[in-house]
Amino acid sequence: MTKIIDLGYRPRAWQRDCHQNRRRFTVLALHRRAGKTELALAELIDKALRFTRDLGLFFYVAPQLKQAKAIAWQRLKQKTQPLQLAGLAEANESELWVRLKNNGATIRIYGADNPDAMRGVRLDGVVLDEVAQMKPEVWDDILQPALSDRQGWALFIGTPKGVNLFSQLFYAARDKADWHSALYTVHDTESIDPLEVTRLQAEMSEMSWRREYLCDFSAAGDEQLISLADVEEASRRHVRRDQYDFAPVILGVDPARFGDDRSVIAIRQGLVCKPFRVYTKVDNMALAAYVAQAIEDVQADAVFVDAGNGAGVIDKLRQLGHEVVEVHFGGRPGKPRYVNKRAEMWYELRDWLMAGGCIPNDVSLKQDLAAPTYRFDNQDRVALESKDELKARGLPSPDLGDALALTFAFPVVKERDLRRQAAVMAGHRASQFDRAVDVTAYDPLAAM
């Protein structure tokens, strides 16, 4: 005889869509007070009840254990109380778990502030709530490997907060077969009374309103150097060949600092950034060979290399007969309004984007470009967030962004223009050489 137990969950239309459209890995961007925790707990309980293998284990993870206890633990106990009263489940207050007696599946509550407590387990499903506030290592190094044994699932939920693990997962999910991402604004969920929505919009700043209730990933704050919206627009642009083929071809080379960083070659000609050449776990000699090949492939007019990590690359390229320019990110800028050369190059990059620059539709590149923030020092000079500061925020080193910024290190004259000028000075006719526009410094506005 079957006994029906009502757990009291009545999903709204948007919640029903989320349950039905989920895949193994699902990323949901939701506004404040949408009901995302209710959705997440219902998903955990449903999957635990239906689990047919031995010792099923499911986690709910919030940024801090204190948050998890306040937000999820009380609700989990309440939602499973009918099962507990029927003798079908038990709850452990000190260990923060609920265990189902029909199959032994367990749901546990954790905080990402103590990631080591989650190591060494075999997981069948996990919910990560407010992912924007978590370090990438929690997912990359701990939870994702724990799901591998039995191909467990993960549900990422949260409200956008600029560029971080959450935004990376959300955009990357669009290009992966086993992933799904969706975004629900306050107008989609109808979770908040319309009069309260009107009041909130009137009283909040536009940036906060867009971020908290419209789930706008680009609404990160005034200190963001390049917005995701501007980056997305640049990735959708198409530039005719005659709008850039007269400009010099410039390479920017950013050698890797550490094992998890990437060595990157950026190729830019006028308004167009061409596909990057990215290498992992290559030494300086191998990278120098790749750069030399790129110089020949695109007939580069200038090559700028990060001197901080690329001394060996620079020396080898010069031995091979290539003229390269070493660039010190912490060196003196050409303009006194910047703290260092890196800040100056990134601002030049931003101006280029705003003037019509076109970039590949690459998720990693877009995340890199939108990641750094800026500030002013005590001399009112512009300072850019460093790589180490970005990593402290849980973001990867912006290797692609730095490589592209290097292409703005110094003004460049097109090689064939140099040859033409040299021929004229020597008394030869300029018509003997390729005709080209004289480009003494790339001006993106003039190139449009």
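Each reported figure results from applying straightforward, stated rules to the coordinates on display, with no laboratory input. Not measured: the values here are computed from a predicted model. Please note: Cβ atoms are built from the backbone with ideal geometry, for glycine as well, and neighbour counts cover all protein chains shown.
Annotations
- Estimated FRET transfer efficiency when R0 is 56 angstrom, pair residue 281-residue 20 (beta carbons, to 0.05): 0.85
- Alpha-carbon centroids, segment 385-414 and segment 159-202: separation in whole Å: 28 Å
- Rounded to the nearest 20 debye, dipole of segment 228-406 from Cβ charges on Lys, Arg, Asp, Glu: 160 debye
- Each peptide among 186-192, 398-404 gets the average number of other Cβ atoms lying within 10 Å of its residues, and from highest to lowest they stand as 398-404, 186-192.
- Dipole axis of segment 228-406 (+1 Lys, Arg; -1 Asp, Glu on Cβ), positive-most option in 367, 405, 253: 367
- Comparing 165, 44, 55 in a Gaussian network model of the chain where C-alpha atoms under 10 Å apart are linked, the largest mean-square fluctuation is found at 55.
- Selected from 76, 287, 317 as most flexible by GNM, with the chain as the system and alpha-carbon contacts under 10 Å: 317
- From the C-alpha gyration tensor of the chain, square roots of 5λ in Å: 52, 23, 19
- Between segment 335-371 and segment 11-81, the alpha-carbon centres lie 39 Å apart.
- Beta bridges per DSSP with both ends in segment 55-172, % antiparallel, nearest 5: 30 percent
- Each Lys and Arg contributes +1 and each Asp and Glu -1, all at the Cβ; summed about the Cα centre of the chain, the dipole is approximately 980 debye.
- Distance (nanometres) between label positions extended 7 Å along Cα→Cβ at residue 3 and residue 75: 2.7 nm
- Secondary structure note: in the chain, about 40% of the DSSP beta bridges are antiparallel.
- Considering only 88, 9, 189, and ranking their Cα positions along the charge dipole of the chain that arises from unit charges at the beta-carbon of Lys, Arg, Asp and Glu, the one farthest toward the positive end is 88.
- Within the chain, helix-based [θ] at 222 nm, where runs of 4 or more DSSP H residues each add -39,500 (n - 2.57), nearest 500: -9500 deg cm²/dmol
- Taking all pairs of distinct alpha-carbon atoms in segment 1-93, Kirkwood radius in angstrom: 14.8 Å
- Partner lysines whose Cα lies under 19 Å from the Cα of residue 316, excluding those fewer than 8 positions away in the same chain, are identified as 281.
- Cβ-placed point charges (K, R +1; D, E -1), dipole of segment 13-213 about Cα centre in debye, nearest 20: 360 debye
- Of the residues 60, 168, 208, the one whose Cα sits farthest toward the positive end of the charge dipole of segment 13-213, with +1 on the Cβ of Lys and Arg and -1 on the Cβ of Asp and Glu, is 60.
- C-alpha center-to-center spacing [segment 279-327, segment 83-120] in angstrom: 54 Å
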